[in-house]
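The values are calculated or read from the model by the stated rules, or taken from the named source; none is laboratory data. All of these numbers come straight from a predicted model, not from anything done at the bench. When we count neighbours, we look across all protein chains shown, and the Cβ atoms used for this are built from the backbone with ideal geometry, even at glycine.
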Amino acid sequence: MTAVQATSRGELAVYDDPAALSAVTREVRRAGRRVVLVPTMGALHAGHRSLIRAAHSCSDAPDATVVLSIFVNPLQFNSPTDLDRYPRQFEADLAVCQQEGVEMVFAPSVEAMYPPGSDTTVAPGALGAELEGASRPGHFVGVLTVVAKLFGIVGPDRALFGEKDYQQLVLIQRMVADLRMDVKVIGLPTVRDPDGLAVSSRNVHLDRAARAAAATLPAALAAGARQAPRGGEAVLAAAHEVLSAQPAVLLDYLALRDPQLGPAPSRGPARLLVAAIVGSTRLIDNMSLHLGGL
Ligand code: PAF
(Lines give C-alpha, C1' and ligand atoms only; values in the text may rest on other atoms or scores of the structure.)
Protein backbone atom coordinates (compact mmCIF):
# COMPACT_ATOMS: atom_id res chain seq x y z
CA MET A 1 0.00 0.00 0.00
CA THR A 2 1.20 3.51 -0.72
CA ALA A 3 -0.36 6.60 0.87
CA VAL A 4 0.58 10.14 -0.08
CA GLN A 5 0.34 13.14 2.28
CA ALA A 6 1.39 16.78 1.83
CA THR A 7 4.59 17.94 3.62
CA SER A 8 6.49 21.18 4.16
CA ARG A 9 8.56 20.32 1.07
CA GLY A 10 5.94 18.66 -1.09
CA GLU A 11 4.47 15.22 -0.56
CA LEU A 12 5.16 12.41 1.86
CA ALA A 13 4.69 8.96 0.38
CA VAL A 14 4.33 6.09 2.82
CA TYR A 15 5.31 2.62 1.60
CA ASP A 16 4.95 -0.72 3.29
CA ASP A 17 5.86 -2.87 0.29
CA PRO A 18 9.64 -3.34 -0.17
CA ALA A 19 9.33 -3.98 -3.92
CA ALA A 20 7.28 -0.79 -4.49
CA LEU A 21 9.79 1.32 -2.59
CA SER A 22 12.75 -0.26 -4.41
CA ALA A 23 11.13 0.57 -7.76
CA VAL A 24 10.62 4.21 -6.78
CA THR A 25 14.12 4.77 -5.36
CA ARG A 26 15.59 3.12 -8.49
CA GLU A 27 13.71 5.70 -10.58
CA VAL A 28 14.98 8.52 -8.35
CA ARG A 29 18.59 7.43 -8.91
CA ARG A 30 17.99 6.93 -12.63
CA ALA A 31 16.77 10.55 -12.76
CA GLY A 32 20.15 11.63 -11.32
CA ARG A 33 19.07 12.36 -7.74
CA ARG A 34 20.76 10.82 -4.73
CA VAL A 35 18.86 8.84 -2.10
CA VAL A 36 19.64 9.42 1.58
CA LEU A 37 18.30 6.92 4.12
CA VAL A 38 17.56 7.62 7.79
CA PRO A 39 16.87 4.21 9.40
CA THR A 40 14.77 4.37 12.59
CA MET A 41 12.55 2.27 14.81
CA GLY A 42 10.10 5.17 15.08
CA ALA A 43 9.18 7.10 18.25
CA LEU A 44 10.94 9.98 16.53
CA HIS A 45 12.60 12.63 18.70
CA ALA A 46 15.03 15.55 18.43
CA GLY A 47 17.89 13.19 17.55
CA HIS A 48 15.97 11.88 14.53
CA ARG A 49 15.04 15.42 13.51
CA SER A 50 18.72 16.31 13.46
CA LEU A 51 19.44 13.27 11.26
CA ILE A 52 16.67 14.29 8.84
CA ARG A 53 17.98 17.86 8.69
CA ALA A 54 21.50 16.58 8.05
CA ALA A 55 20.11 14.31 5.32
CA HIS A 56 18.63 17.34 3.60
CA SER A 57 21.89 19.23 3.80
CA CYS A 58 24.39 16.50 2.82
CA SER A 59 26.91 18.72 1.05
CA ASP A 60 27.80 16.01 -1.46
CA ALA A 61 24.17 15.10 -2.11
CA PRO A 62 22.24 18.35 -2.52
CA ASP A 63 18.62 17.94 -3.53
CA ALA A 64 18.68 14.33 -2.33
CA THR A 65 15.50 12.37 -1.78
CA VAL A 66 15.22 11.58 1.93
CA VAL A 67 13.77 8.19 2.84
CA LEU A 68 13.07 7.46 6.51
CA SER A 69 12.38 3.89 7.56
CA ILE A 70 10.27 3.01 10.58
CA PHE A 71 10.58 -0.60 11.62
CA VAL A 72 10.73 -2.00 15.14
CA ASN A 73 13.04 -4.88 14.30
CA PRO A 74 12.21 -7.96 16.39
CA LEU A 75 15.54 -9.60 15.52
CA GLN A 76 17.56 -7.07 17.53
CA PHE A 77 15.56 -7.41 20.77
CA ASN A 78 16.75 -9.93 23.34
CA SER A 79 13.54 -10.15 25.29
CA PRO A 80 9.90 -10.17 24.13
CA THR A 81 9.10 -7.76 27.02
CA ASP A 82 11.62 -5.23 25.73
CA LEU A 83 10.15 -5.55 22.22
CA ASP A 84 6.57 -5.08 23.50
CA ARG A 85 7.64 -2.11 25.61
CA TYR A 86 9.33 -0.27 22.75
CA PRO A 87 7.34 2.97 22.17
CA ARG A 88 5.23 3.05 19.02
CA GLN A 89 3.57 6.26 17.76
CA PHE A 90 3.18 5.91 14.02
CA GLU A 91 0.83 8.87 13.39
CA ALA A 92 3.01 11.22 15.46
CA ASP A 93 6.07 9.95 13.55
CA LEU A 94 4.40 10.75 10.23
CA ALA A 95 3.67 14.25 11.51
CA VAL A 96 7.39 14.71 12.33
CA CYS A 97 8.30 13.47 8.84
CA GLN A 98 5.86 15.94 7.30
CA GLN A 99 7.23 18.84 9.36
CA GLU A 100 10.81 17.91 8.44
CA GLY A 101 10.10 17.47 4.74
CA VAL A 102 10.84 13.74 4.45
CA GLU A 103 9.71 12.58 1.01
CA MET A 104 9.29 8.86 1.60
CA VAL A 105 8.58 6.78 4.68
CA PHE A 106 9.17 3.05 4.54
CA ALA A 107 7.16 1.26 7.22
CA PRO A 108 7.09 -2.45 6.40
CA SER A 109 5.46 -5.25 8.38
CA VAL A 110 7.54 -7.91 10.12
CA GLU A 111 6.33 -10.40 7.46
CA ALA A 112 7.54 -8.11 4.66
CA MET A 113 11.02 -7.83 6.20
CA TYR A 114 11.25 -11.45 7.31
CA PRO A 115 9.10 -13.48 4.91
CA PRO A 116 8.70 -17.17 5.70
CA GLY A 117 11.87 -19.03 4.73
CA SER A 118 14.20 -16.02 4.97
CA ASP A 119 17.05 -17.36 7.04
CA THR A 120 20.18 -15.39 6.17
CA THR A 121 21.68 -13.11 8.80
CA VAL A 122 24.78 -10.91 9.03
CA ALA A 123 27.40 -11.90 11.63
CA PRO A 124 29.09 -8.87 13.19
CA GLY A 125 32.45 -10.52 14.06
CA ALA A 126 34.20 -10.38 17.45
CA LEU A 127 33.23 -6.79 18.31
CA GLY A 128 29.58 -7.83 18.09
CA ALA A 129 30.00 -9.91 21.24
CA GLU A 130 31.60 -7.11 23.30
CA LEU A 131 30.10 -4.18 25.25
CA GLU A 132 26.43 -4.04 24.16
CA GLY A 133 26.84 -7.43 22.51
CA ALA A 134 27.98 -9.01 25.79
CA SER A 135 24.88 -7.77 27.60
CA ARG A 136 22.50 -8.32 24.69
CA PRO A 137 23.63 -11.48 22.88
CA GLY A 138 22.49 -11.52 19.25
CA HIS A 139 21.57 -7.82 19.27
CA PHE A 140 24.05 -6.83 16.57
CA VAL A 141 23.17 -9.79 14.34
CA GLY A 142 19.68 -8.32 14.34
CA VAL A 143 20.87 -4.77 13.73
CA LEU A 144 23.24 -5.64 10.88
CA THR A 145 20.74 -7.98 9.25
CA VAL A 146 17.97 -5.39 9.17
CA VAL A 147 20.30 -2.58 8.08
CA ALA A 148 21.67 -4.77 5.26
CA LYS A 149 18.07 -5.51 4.18
CA LEU A 150 17.17 -1.81 4.29
CA PHE A 151 20.24 -0.98 2.18
CA GLY A 152 19.20 -3.71 -0.28
CA ILE A 153 15.61 -2.41 -0.52
CA VAL A 154 16.29 1.35 -0.59
CA GLY A 155 19.66 1.36 -2.37
CA PRO A 156 20.74 4.58 -0.62
CA ASP A 157 23.79 6.61 -1.61
CA ARG A 158 24.11 7.85 1.98
CA ALA A 159 22.78 6.47 5.29
CA LEU A 160 22.73 8.49 8.52
CA PHE A 161 23.03 7.14 12.06
CA GLY A 162 23.42 8.84 15.44
CA GLU A 163 26.62 8.47 17.45
CA LYS A 164 24.59 7.68 20.56
CA ASP A 165 24.54 4.06 19.42
CA TYR A 166 28.27 4.27 18.82
CA GLN A 167 29.04 0.53 18.66
CA GLN A 168 26.17 0.10 16.21
CA LEU A 169 27.64 2.85 14.03
CA VAL A 170 31.13 1.29 14.06
CA LEU A 171 29.73 -2.16 13.22
CA ILE A 172 27.61 -0.80 10.35
CA GLN A 173 30.63 1.05 8.95
CA ARG A 174 32.62 -2.21 9.15
CA MET A 175 29.86 -4.23 7.49
CA VAL A 176 29.73 -1.73 4.62
CA ALA A 177 33.52 -1.87 4.19
CA ASP A 178 33.84 -5.65 4.63
CA LEU A 179 30.92 -6.53 2.34
CA ARG A 180 31.82 -3.73 -0.10
CA MET A 181 28.36 -2.20 0.04
CA ASP A 182 28.01 0.87 -2.15
CA VAL A 183 26.71 3.31 0.47
CA LYS A 184 28.41 6.02 2.52
CA VAL A 185 27.58 5.69 6.22
CA ILE A 186 27.59 8.99 8.12
CA GLY A 187 27.57 9.28 11.92
CA LEU A 188 26.15 12.40 13.55
CA PRO A 189 26.71 13.80 17.06
CA THR A 190 24.39 12.79 19.88
CA VAL A 191 21.59 15.27 20.62
CA ARG A 192 21.29 16.01 24.34
CA ASP A 193 18.68 17.51 26.64
CA PRO A 194 19.73 20.62 28.61
CA ASP A 195 20.90 18.43 31.56
CA GLY A 196 23.13 16.46 29.19
CA LEU A 197 21.00 13.31 28.92
CA ALA A 198 21.22 11.85 25.42
CA VAL A 199 17.79 11.92 23.78
CA SER A 200 16.45 8.43 23.24
CA SER A 201 13.10 6.80 22.48
CA ARG A 202 13.55 4.85 25.71
CA ASN A 203 13.62 8.02 27.87
CA VAL A 204 9.79 8.01 27.93
CA HIS A 205 10.05 5.08 30.37
CA LEU A 206 11.95 7.18 32.95
CA ASP A 207 9.86 8.55 35.81
CA ARG A 208 10.90 11.82 37.49
CA ALA A 209 13.39 10.23 39.87
CA ALA A 210 14.89 7.97 37.22
CA ARG A 211 15.10 10.89 34.79
CA ALA A 212 17.13 12.86 37.33
CA ALA A 213 19.39 9.88 38.06
CA ALA A 214 19.89 9.24 34.34
CA ALA A 215 21.69 12.58 33.99
CA THR A 216 24.52 10.93 35.98
CA LEU A 217 25.59 9.09 32.81
CA PRO A 218 26.61 12.16 30.78
CA ALA A 219 27.96 13.77 33.96
CA ALA A 220 30.25 10.75 34.48
CA LEU A 221 31.40 10.84 30.86
CA ALA A 222 32.15 14.56 31.14
CA ALA A 223 34.05 14.03 34.42
CA GLY A 224 36.08 11.32 32.69
CA ALA A 225 36.76 13.49 29.65
CA ARG A 226 38.09 16.28 31.89
CA GLN A 227 40.79 13.87 33.10
CA ALA A 228 41.82 12.85 29.57
CA PRO A 229 45.12 14.79 29.61
CA ARG A 230 46.14 12.63 32.63
CA GLY A 231 45.52 9.35 30.80
CA GLY A 232 43.10 6.43 30.69
CA GLU A 233 43.26 5.35 34.34
CA ALA A 234 42.39 8.85 35.52
CA VAL A 235 39.49 9.00 33.05
CA LEU A 236 37.97 5.73 34.27
CA ALA A 237 38.51 6.61 37.95
CA ALA A 238 36.77 9.99 37.59
CA ALA A 239 33.81 8.54 35.68
CA HIS A 240 33.45 5.67 38.19
CA GLU A 241 33.44 8.10 41.09
CA VAL A 242 30.48 10.02 39.63
CA LEU A 243 28.55 6.84 38.78
CA SER A 244 29.08 5.20 42.15
CA ALA A 245 27.78 8.29 43.95
CA GLN A 246 24.33 7.68 42.42
CA PRO A 247 22.78 4.49 43.87
CA ALA A 248 19.86 4.60 41.41
CA VAL A 249 22.27 3.88 38.56
CA LEU A 250 23.04 0.17 38.16
CA LEU A 251 26.23 0.15 36.10
CA ASP A 252 26.55 -2.47 33.36
CA TYR A 253 29.86 -1.34 31.87
CA LEU A 254 32.16 1.64 31.67
CA ALA A 255 34.80 1.18 28.99
CA LEU A 256 37.54 3.18 27.35
CA ARG A 257 38.38 2.17 23.79
CA ASP A 258 39.97 3.58 20.67
CA PRO A 259 37.56 5.21 18.17
CA GLN A 260 37.13 1.89 16.32
CA LEU A 261 36.43 0.21 19.68
CA GLY A 262 39.74 -1.63 19.86
CA PRO A 263 41.93 -1.34 22.99
CA ALA A 264 42.39 2.25 24.22
CA PRO A 265 45.68 3.89 23.26
CA SER A 266 47.84 5.54 25.93
CA ARG A 267 47.68 8.80 23.97
CA GLY A 268 45.39 10.05 21.24
CA PRO A 269 41.71 9.84 20.28
CA ALA A 270 39.53 7.53 22.36
CA ARG A 271 35.91 6.81 23.20
CA LEU A 272 34.44 6.46 26.68
CA LEU A 273 31.30 4.31 26.72
CA VAL A 274 28.78 3.60 29.46
CA ALA A 275 25.70 1.40 29.87
CA ALA A 276 23.51 1.30 32.97
CA ILE A 277 20.06 0.40 34.15
CA VAL A 278 18.16 3.32 35.63
CA GLY A 279 14.74 2.49 37.07
CA SER A 280 13.57 -0.21 34.67
CA THR A 281 15.33 1.23 31.62
CA ARG A 282 18.68 0.36 30.08
CA LEU A 283 20.52 3.46 28.89
CA ILE A 284 23.74 3.85 26.91
CA ASP A 285 25.91 6.87 26.19
CA ASN A 286 29.43 7.67 25.01
CA MET A 287 31.80 10.56 24.50
CA SER A 288 34.92 11.16 22.43
CA LEU A 289 38.08 12.37 24.17
CA HIS A 290 41.76 12.82 23.52
CA LEU A 291 44.05 10.92 25.92
CA GLY A 292 47.34 12.26 27.14
CA GLY A 293 46.97 15.88 26.13
CA LEU A 294 46.65 17.44 22.72
O1 PAF B 1 19.24 2.71 15.88
C2 PAF B 1 18.14 2.20 15.57
O3 PAF B 1 17.08 2.82 15.68
C4 PAF B 1 18.10 0.78 15.06
O5 PAF B 1 19.04 -0.02 15.69
C6 PAF B 1 18.23 0.69 13.52
C7 PAF B 1 19.57 1.19 13.06
C8 PAF B 1 17.12 1.49 12.86
C9 PAF B 1 18.10 -0.77 13.08
O10 PAF B 1 16.88 -1.31 13.48
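Picking from VAL146, VAL176, VAL191, VAL204, which residue would you name as being more than 18 Å from ASP285 (Cα to Cα), within 16 Å of the ligand (Cβ to nearest atom) and touching a residue at least 60 places away in the same chain (Cβ under 8 Å)? The unique qualifying residue is VAL146. Does ARG158 satisfy the criteria of being modelled with pLDDT under 95 and within 15 Å of the ligand (Cβ to nearest atom)? Spelling it out, it is not the case that ARG158 is modelled with pLDDT under 95 and within 15 Å of the ligand (Cβ to nearest atom).
The lone criterion from (1) surrounded by fewer than 14 Cβ atoms within 10 Å (Cβ to Cβ); (2) at pLDDT 95 or above; (3) of a type outside the set (Val, Ile, Thr) left unmet by ARG271 is number (1).
Right, TYR114: under 23 Å from VAL176 (Cβ atoms), within 16 Å of the ligand (Cβ to nearest atom) and either surrounded by fewer than 19 Cβ atoms within 10 Å (Cβ to Cβ) or at pLDDT 95 or above (or both) or not? Spelling it out, TYR114 is indeed under 23 Å from VAL176 (Cβ atoms), within 16 Å of the ligand (Cβ to nearest atom) and either surrounded by fewer than 19 Cβ atoms within 10 Å (Cβ to Cβ) or at pLDDT 95 or above (or both).
In the range 61-72, the residues that are touching a residue at least 24 places away in the same chain (Cβ under 8 Å) form Cβ pairs under 9 Å with partners that are within 16 Å of the ligand (Cβ to nearest atom) and among the acidic types (Asp, Glu), at six or more places apart or across chains, as follows: LEU68/ASP93; ILE70/ASP93. Just one of the listed residues (ARG29, ARG88) is touching a residue at least 40 places away in the same chain (Cβ under 8 Å), charged (D, E, K, R) and within 24 Å of LEU169 (Cα to Cα), and it is ARG88.
Taken over the range 35-63, the criterion of being closer than 20 Å to ALA107 by Cβ and not in a helix (DSSP H, G or I) is satisfied by VAL35, VAL36, LEU37, VAL38, PRO39, THR40, MET41, GLY42, ALA43, LEU44, HIS45. Within the option set LEU75, LEU83, being in a helix (DSSP H, G or I), free of Cβ contacts under 8 Å to residues at least 60 places away in the same chain and more than 25 Å from ASP157 (Cβ to Cβ) holds for one residue only, LEU83.
On inspection, GLN167 qualifies as touching a residue at least 12 places away in the same chain (Cβ under 8 Å), closer than 24 Å to ARG85 by Cα, within 16 Å of the ligand (Cβ to nearest atom) and assigned to a helix (DSSP H, G or I).
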